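S.K.: Please read through the structure below; I'll follow up with questions.
The values are calculated or read from the model by the stated rules, or taken from the named source; none is laboratory data. Owing to the predicted nature of the structure, the values given are computational and were not obtained by experimental measurement. Cβ: placed from backbone, ideal geometry, glycine included. Neighbour counts: every protein chain shown. Side chains are part of the model used for accessible areas, which takes the heavy atoms of the whole protein and leaves out ligands, DNA and RNA. Shrake-Rupley method; radii C 1.70, N 1.55, O 1.52, S 1.80 Å.
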Amino acid sequence: PIMKTSRSFVKKTRKGTVLKVVREHYLRDDVWTCWKGDERTTLEEPFVDKDALQSAPSSNLFPFTHFILPDTNVVLHHIDFLEFHAIGNIVLLETVLDEARHRNVSAYKRLRTLLDNKDKNGVVVSNEHHRATCMQREDGESVNDRNDRAIRVATGWCEQQLDPHNCRVVLLTNDKKNKEKALARNLLACTAQEYAASLSAWPELMDITSSGDACDGGNAQTELFREHTSLAKLHEGVKAGRMYQGTFHAKRDNYSDGHVTVSVLKTQ
C-alpha cells in the first residue's frame, strides 16, 4: 500500500507571477531490510548475511551480533573510521546520505564506494519513504532537530526488524543531546570514540576517531580559532584613533604578499 502526503505553498517569481507549488511525497510500508531470509527480500544475494555479522570483530560494549548506524556528524567527521577494514555491518539511512550529499560531496562519494564494498556488509534504509519512519517537521523544530529525531525513530524501527534474527542496532552519535534522547527510548547508543575504544583488537582506531570533537546540539565544545573583531569594534577603534583603515594591494605573482596604503598616515 502507498500513502501520499502533499504540501502546497505559493511563491512569487521575479517577473511578478504568482505560482502555486505542490510537493507530493509517497510513503510505503513494505521497505525491505536486505536480511537473508527476510520474506520481503527479492534480491538473489541480499546485502546482509548473518554469517558475515558473526565474523565481525567483537565489541566490549556490545558483545553480541549488531549493526552500527552512524548519524550525519559521525559520517562527515569519521569517514576514515567507517572505511577501516575491521569496521563493517553498517546501516546508512536515507536521511544521513541526503545530509552528507548536501554538506560534503566528497564524503558522500566515499560513502557510496563503501556501500559497494561487499566486505563492509553495508545497507541503505530508505527511511524517508517508509510510513513508519518518515517524520514531519514540527512547529518550531529546526531542520537539524527533525533529522536527529528521524534518525532515532529509524534506529528503533531497524531494531524491531532485526530482533527476530537476534541482531541489535547501535546508534553512533557524537551529539550529547541526541545520545541522551536515544538512550531514553531504550536504544543502544554511544559515541564514535566509545565504540572505537570497545574494539580492543584495533587500538589504532582511537587515533582515527580522536580528530573529531564531541558536540552538544551540533556545536563544538572547544574553540579552534579566535573570533574576528566585530564590525562595531572596528568602527569604534578607527574613530578613537587606535586603528587605521587602509587598502591592501596584493602582488600579481603572489596573492599572499603585498602592501597596505593608509591615507591618514600617508605611508605604505
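S.K.: Taking amide hydrogens as modeled 1.01 Å from N in the peptide plane, which residues meet the under 5 Å criterion relative to SER59, leaving out close sequence neighbours?
M.R.: Result for SER59 returns PHE64.
S.K.: Something else: Which of the peptides 119-129, 242-252 is most tightly packed, and how do the rest follow, judged by the mean count of other Cβ atoms within 10 Å per residue?
M.R.: Numbers: 119-129: 18.5, 242-252: 10.7.
Answer by packing, highest mean first, reads 119-129, 242-252.
S.K.: Let me ask something else. Can you bin every Cα-Cα distance in the range 122-203 into 5 Å intervals starting at zero and give me the percent of pairs per bin, rounded to whole numbers?
M.R.: 3, 14, 21, 23, 21, 11, 5, 2, 1, 0
S.K.: Set the Förster radius R0 to 51 Å, insert the Cβ-Cβ distance between HIS129 and TYR255 as r into 1/(1 + (r/R0)^6), and round the FRET efficiency to 0.05.
M.R.: Details: r = 47 Å, r/R0 = 0.93.
The pair HIS129/TYR255 has a calculated efficiency of 0.60.
S.K.: Just the number, please: Stokes-Einstein D of the range 74-172 in µm²/s, Kirkwood Rh from C-alpha pairs, 10 °C, 1.306 mPa s. Let's see the in-between values first.
M.R.: Details: Rh = 14.3 Å.
The Stokes-Einstein estimate is 111 µm²/s.
S.K.: I would also like to ask the following. Let's test this: bin the Cα-Cα distances of the range 61-100 at 10 Å from zero up to the farthest pair and state each bin's percent.
M.R.: 28, 54, 17, 0
S.K.: About the Cα centre of the range 146-198, how large is the charge dipole given +1 on each Lys and Arg Cβ and -1 on each Asp and Glu Cβ? Please answer in debye to the nearest 20.
M.R.: On the way: 9 positive and 6 negative charges, 52 e Å.
Roughly 240 debye, rounded to the nearest 20.
S.K.: Okay, next question. Kindly write out, for the range 253-258 in residue order, the coupling ³J(HN,Hα) from the Karplus curve 6.51 cos²θ - 1.76 cosθ + 1.60 (θ = phi - 60°), rounded to whole Hz, with x marking Gly and Pro.
M.R.: Couplings: 8, 8, 5, 8, 10, x Hz.
S.K.: Also, quick follow-up: For ASN60 and GLN160 in the same chain, what is the full-extension length gain: residue separation times 0.36 nm, less their Cα-Cα distance, in nm?
M.R.: Details: separation 100, 0.36 × 100 = 36.00 nm, distance 2.30 nm.
Difference between extended and current length: 33.7 nm.
S.K.: Further, regarding this structure: Report the extension gain between SER210 and ASP116 in nm, rounded to one decimal, defined as 0.36 nm multiplied by the number of residues separating them, less their alpha carbon distance.
M.R.: On the way: separation 94, 0.36 × 94 = 33.84 nm, distance 2.67 nm.
Extra length available between SER210 and ASP116 comes to 31.2 nm.
S.K.: Rolling a 1.4 Å sphere over the protein heavy atoms, what is the accessible area per residue of the range 84-175, to the nearest Å²? Spell out each step's value before the answer.
M.R.: Numbers: 4160 Å² over 92 residues.
Value returned for the range 84-175: 45 Å² of accessible area per residue.
S.K.: What FRET efficiency comes out for ASP98 versus GLU180 if R0 is 25 angstrom and r is the Cβ-Cβ distance? Round to the nearest 0.05.
M.R.: On the way: r = 24 Å, r/R0 = 0.98.
After rounding, the FRET efficiency stands at 0.55.
S.K.: By per-residue mean of other Cβ atoms within 10 Å, what is the highest-first order of 79-85, 254-260, 170-176?
M.R.: Numbers: 79-85: 17.1, 254-260: 9.4, 170-176: 23.9.
So the peptides 79-85, 254-260, 170-176, ranked by packing, come out 170-176, 79-85, 254-260.
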